[in-house]
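> Okay, handing you the structure first.
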Amino acid sequence: MKALNKTGKLLIPVLCMGIFMLLQSGCKSPSERMEEPHKGKLFVVEITQMRFSPAEIAVSKGDKIQFINHDMVAHDITEEATKAWSSSPLQPDQAWTLEVTESANYYCSIHPVMKGKITVQP
Amino acid sequence: MKKQNPLTPKLITVVCFLLFALYGTAQQTSKLTDPEVASAAVTANQIDIEFAAIAFQHSQNKEVLNFAKTMSNDHKAVIAQAVALVTKLKVTPKTNYLTQSLLADAEKTKKRLQSNKGEAFDKAYIDNEVAYHKAVIAAVETVLIPQTANSELKTLLQNVVPALKAHLAHAEMVQKMIHK
């Protein structure tokens, strides 16, 4: 009886921890679980009426920005100063995702009057 | 004393004529029907594609060629949307006074553009693009949109205006570069 009590005392915290871990993983949706390897947040910039919206966005390093083209003409997203990065032309309803590593001014090289800004917050 | 560009007085006259002809003609006559609005809208886009085609043949300026490529692609995209919509609405575009006026002016402009070469062509082309987009924006905003009955056609025209304004700003940007 005494031996059983000792085993019981050891089992209770182990079982509680196991139940807690099961409950935690059960609360997350499948999409959240799939996104776990990507620690950054996902932001969206919509391209509509020949503008980037929002035109200025503040994010953290490692976050991602998805650009979605809602216009009836093609656009691209190109880093302005040195053309360090660029999407290929996005046709209407196409999207492109950028993983942010540093602050940048960007523009559409097809319509150079369309401009946007990404600021990486410390 | 700054030397005056010999093309300037000629261009000012052409630009004024174009603005007057397009905007004035559009306002002077009777209300347009939706098939007539569709015809004018498609024709205005087609004309700028034809101006771009002349630029591809006559220009070697990178900025001018990039601009012409954007005009060609964007106006083709707008025509594709317009054709899809009128097909869905079972509307057959109908030629009218505005379409005819646009086509007559375009023929004169094309002849004038084709008579220029090199830098003179680049300046004539981009000056015309600035004037043409100003005139088309005015016609779309004050004539075509108000006179369109069908809501989907009206929405399409409203959605085209920001693209036309971006084209105008782009043309003015190139104009500043090549008039330096």
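> Which ³J(HN,Hα) values, rounded to whole Hz and listed in residue order, are derived for the stretch B:124-139 from phi using the Karplus coefficients 6.51, -1.76 and 1.60 in 6.51 cos²θ - 1.76 cosθ + 1.60 with θ = phi - 60°, glycine and proline given as x?
So the Karplus estimates, Gly and Pro as x, are 5, 5, 6, 4, 5, 5, 4, 5, 5, 5, 4, 5, 5, 4, 4, 5 Hz.
> Take peptide B:67-73, look around each residue's Cβ out to 10 angstrom, count Cβ atoms belonging to other protein chains, and average those counts.
Across the residues of B:67-73, the mean count of other-chain Cβ atoms within 10 Å is 2.
> What FRET efficiency do you get for B:Gln60 and B:Leu103 if R0 is 41 Å and r is their Cβ-Cβ distance, rounded to the nearest 0.05?
For B:Gln60 and B:Leu103, the calculated efficiency is 0.90.
> Shifting gears a bit: Given labels modelled 7 Å from the Cα in the Cβ direction, how far is it in nm from B:Ala169 to A:Glu46?
1.9 nm
> Under the Karplus relation 6.51 cos²θ - 1.76 cosθ + 1.60, θ = phi - 60°, what is the ordered set of whole-Hz ³J(HN,Hα) values for the stretch B:162-178, x standing for Gly and Pro?
Ordered by residue, 3J(HN,Hα) equals x, 5, 4, 5, 5, 4, 4, 4, 5, 4, 5, 5, 5, 4, 4, 5, 8 Hz.
> Calculate the mean, over all residues of peptide B:157-164, of how many other protein chain Cβ atoms lie within 10 angstrom of the residue's Cβ.
The shielding value for this peptide is 3.
> Another question, then. Label points 7 Å out from Cα along the Cβ direction at B:Asn73 and B:Lys88: separation in nm?
For B:Asn73 paired with B:Lys88, the spin-label model returns 2.4 nm.
> Using the Karplus curve 6.51 cos²θ - 1.76 cosθ + 1.60 with θ = phi - 60°, what ³J(HN,Hα) values do you get for each residue of the stretch A:107-112, in whole Hz, with x for Gly and Pro?
Coupling constants for the stretch A:107-112: 8, 9, 6, 7, 10, x Hz.
> Hey, another quick one. As an exercise, use a Förster radius of 45 Å and the Cβ-Cβ distance of A:Gln94 and B:Lys117 to find the FRET efficiency, rounded to the nearest 0.05.
The pair A:Gln94/B:Lys117 has a calculated efficiency of 0.70.
> A follow-up question, please. With a ≥ b ≥ c the root eigenvalues of the C-alpha gyration tensor of the stretch B:31-180, is it rounded (a/c under 1.5), prolate (a/b larger than b/c) or oblate?
Verdict is prolate for the stretch B:31-180.
Rule-based calculations on the coordinates, nothing more; no lab input. This is a predicted model, so every value here is computed, not measured. Because the Cβ atoms are built from the backbone with ideal geometry, glycine has one as well, and the counts that use them run over all protein chains shown.
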